[in-house]
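Chemist: Next up is a structure, given as structure tokens.
The values are calculated or read from the model by the stated rules, or taken from the named source; none is laboratory data. Model, not experiment: these values are computed from the prediction. Note that each Cβ is placed from the backbone with ideal geometry, even for glycine, and that neighbours are counted across all protein chains shown. Accessible surface is based on the protein model in full, side chains and every heavy atom, while ligands, DNA and RNA are left aside. Shrake-Rupley method; radii C 1.70, N 1.55, O 1.52, S 1.80 Å.
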Amino acid sequence: MSDRLPLLVTSNLPQLKPSLAPPSESITKTDNLDNFPWEAGTAFISYGLQIGIRVNDPDVLIGLLDYLPPGWEPSPLPVVDKLYSLIVGSGNQYHLLYDEEGELERTTELDGVLHALDSHLRLWIGASVQDLLFVHAGVVAWHNRAIVIPGRSFSGKTTLVAALVKAGATYYSDEYAVFDTNGLVHPYPRPLSVRQGKRDMPPARWRDRIRTCPVTELGGKSGTKPLSVGLILSAQYQSGAQWHPSLISPGEALLALLDNTIVARIRPQFALSILAVVVSDTLAIQAKRGEAQDVAVALLQQLEQWLIANS
Amino acid sequence: MIPVARSKKLLIQELGEEVIVYDQERNTTHCLNSLAARVWYCCDGQNTVEDIAKILEEELEIPLGESVDLRGTVSRIVNELESFHLIEEYLLQPTNEPKISRRRMMKKAALVSAFAMGALFPTIKSIVAPAPAMASSGPPRTTRPPRTTEPPRTTRPPRTTEPPRTTRPPRTTRPPRPGREEETED
């Protein structure tokens, strides 16, 4: 990753597009940030959006590389649509993360502030890209059709995706199903975010236990081409649950996807029109599921049988 | 009483024999199965519950002598539609013209199937559409959702007039991290 560092560091500090600057009544805020002694910065493009990050410690840029969205490219221009400001504290000082609207995170742990940046960045991209629909879901491919597992955080998506990859499926995402207007799902192949630790750990500590895991570490590979969806699984983890999936209707599958769609409220018409295409020719099931490795093989067989029956 | 389907501030997406309705006032989404959709489409200001039951009776081709409480089923579905704010009003007299022009035929097989299911299961399923941050991943401490369109901007001054604060005690009481633990669901 560090070989990409020269691409990441820009000679000019990134700055927000003037049209996106905060209004005059809150100019003090940006003045304060703009007057901070920034040491380095980066501007990059992701899904057509220009994003900038400025830091007071150039060394932190190396750590940032692990948190940038998949497929990012350096931007030739320092003028950006979104500007993050990261102040790295020394010793016991807080690390602070801001965007143009104010403080986003304050923590003494560098990993924590980088995770917050990662989380906010993903959400902002998912909400801001105009021609793609971001649905919070795990995605793998099997026989050229995608298996989409919508679900919120801590619903077990990554664990199931990892088990599916180990069972032979191709990795697409453990974060977003990215749909185009034709209903095809595109890869969002960032390393899997595997959480470690016990379930009863306080929520505030969860992110401290996230370990990024490249798909190759699981013996798998990432997909590269957009696919139509073959199976939608609405599953909830339940310890010891037996695998007894039941069919759900296309409408119910659409609700399961919409329930995890970033722009469901912001652009419902856009979301509905794409999701209607997505669910129109898919197998959709729901189930309580036990251990991921027990479910993965059954799931792949289920899709395979459905594809044969519908071929 | 003549139920009239609501038509304002709704986005409607037909999906085979189901109908998805997005309520822009409440940010809720409803999935109407074919039976509920058929009843809803019949609520056009022309039909009483009895009239709708007769329409369904003809469409379902229920054999003579078979005892089916269609009126009760329609009444229950209309109540369900009302509870989801999909019935706008009830009239005493039919309107001269249908108040909406969404009435359409459903496939008989889908109607029969939905009718059979409708006696046992809800005919409408519903969710509250998530706000961006709710549908996002990441730790629960993730702060406010991103600005996407043109939300109101805060005027609160930033807390950056000085270098990073050190007045609050650093978190030094955290127990040391143990080694690798079992992986759990994320």
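Chemist: Out of the residues in region A:96-118 that are open to solvent by less than 10 Å² (accessible area, probe 1.4 Å), in contact (Cβ under 8 Å) with a residue 60 or more places away in the chain and closer than 19 Å to A:LEU49 by Cβ, which is farthest from the other protein chains (Cβ to nearest Cβ)?
Modeler: Among those that are open to solvent by less than 10 Å² (accessible area, probe 1.4 Å), in contact (Cβ under 8 Å) with a residue 60 or more places away in the chain and closer than 19 Å to A:LEU49 by Cβ, it is A:LEU117.
Chemist: Out of curiosity, is A:LEU133 open to solvent by less than 10 Å² (accessible area, probe 1.4 Å), in contact (Cβ under 8 Å) with a residue 40 or more places away in the chain, closer than 24 Å to A:LEU64 by Cα and not charged (D, E, K, R)? Give the steps one after another, and end with the answer.
Modeler: Details: open to solvent by less than 10 Å² (accessible area, probe 1.4 Å): yes; in contact (Cβ under 8 Å) with a residue 40 or more places away in the chain: yes; closer than 24 Å to A:LEU64 by Cα: no; not charged (D, E, K, R): yes.
No; evaluated as a whole, the condition is false for this residue.
Chemist: Out of region A:157-185, which residues are within 14 Å of chain B (Cβ to nearest Cβ), surrounded by fewer than 24 Cβ atoms within 10 Å (Cβ to Cβ) and part of a loop (DSSP other than H, G, I, E, B)?
Modeler: A:GLY183
Chemist: List, please: which pairs have Cβ atoms under 7 Å, are six or more places apart or on different chains, and start with a residue in region A:209-221 that is within 17 Å of A:LEU65 (Cβ to Cβ) and end with one that is of a type in the set (A, V, I, L, M) and at pLDDT 90 or above?
Modeler: Sorted first by the residue in region A:209-221, then by its partner, the list stays empty.
Chemist: Could you list, ordered by first residue, the pairs with Cβ atoms under 9 Å in which the first is in region B:45-58 and under 9 Å from B:ARG71 (Cα atoms) and outside any loop (DSSP other than H, G, I, E, B) and the second is open to solvent by less than 50 Å² (accessible area, probe 1.4 Å) and basic (Lys, Arg), at least 6 apart or interchain?
Modeler: Between residues of region B:45-58 that are under 9 Å from B:ARG71 (Cα atoms) and outside any loop (DSSP other than H, G, I, E, B) and residues that are open to solvent by less than 50 Å² (accessible area, probe 1.4 Å) and basic (Lys, Arg), the close pairs are B:ILE52/B:ARG38.
Chemist: Regarding region A:261-270, can at least one residue be identified that is hydrophobic (A, V, I, L, M, F, W, C) and farther than 25 Å from A:ARG122 by Cβ?
Modeler: Taking every residue of region A:261-270 in turn, none turns out to be hydrophobic (A, V, I, L, M, F, W, C) and farther than 25 Å from A:ARG122 by Cβ.
Chemist: For the list (1) more than 14 Å from chain B (Cβ to nearest Cβ); (2) on the phi > 0 side of the Ramachandran plot; (3) modelled with pLDDT of 95 or more, I need the number of the one condition that A:GLY219 fails.
Modeler: For A:GLY219, the failing item is (3).
Chemist: Moving on to the next point. Only residues that are part of a loop (DSSP other than H, G, I, E, B) and open to solvent by less than 50 Å² (accessible area, probe 1.4 Å): list them for region B:1-15, please.
Modeler: Initially, region B:1-15 is screened for residues part of a loop (DSSP other than H, G, I, E, B), giving B:1, B:6-9.
Residue satisfying the conditions is B:ARG6 alone.
Chemist: Now for a different question. Go through (1) of a type in the set (Gly, Ala, Ser); (2) in a helix (DSSP H, G or I); (3) at pLDDT 90 or above for A:ALA204 and report which single condition fails.
Modeler: Unmet condition: (3).
Chemist: Answer with yes or no whether A:ASP81 is modelled with pLDDT under 85 and closer than 25 Å to A:TYR188 by Cβ. Can you show your working first?
Modeler: Values: modelled with pLDDT under 85: no; closer than 25 Å to A:TYR188 by Cβ: yes.
Taking the combined requirement at face value, the residue does not satisfy it.
Chemist: Something else now. Could you say whether any residue in region A:29-43 is hydroxyl-bearing (Ser, Thr, Tyr) and out of contact with any helix residue (DSSP H, G or I) (no Cβ under 8 Å at 6 or more places or on another chain)?
Modeler: Filtering region A:29-43 down to residues hydroxyl-bearing (Ser, Thr, Tyr) leaves A:30, A:42.
Restricting the remaining residues to those that are out of contact with any helix residue (DSSP H, G or I) (no Cβ under 8 Å at 6 or more places or on another chain) gives A:30.
Taking every residue of region A:29-43 in turn, at least one turns out to be hydroxyl-bearing (Ser, Thr, Tyr) and out of contact with any helix residue (DSSP H, G or I) (no Cβ under 8 Å at 6 or more places or on another chain).
Chemist: Tell me which residues, restricted to region A:29-60, are in a helix (DSSP H, G or I) and of a type in the set (A, V, I, L, M, F, W, C).
Modeler: Those that are in a helix (DSSP H, G or I) and of a type in the set (A, V, I, L, M, F, W, C): A:LEU33, A:VAL60.
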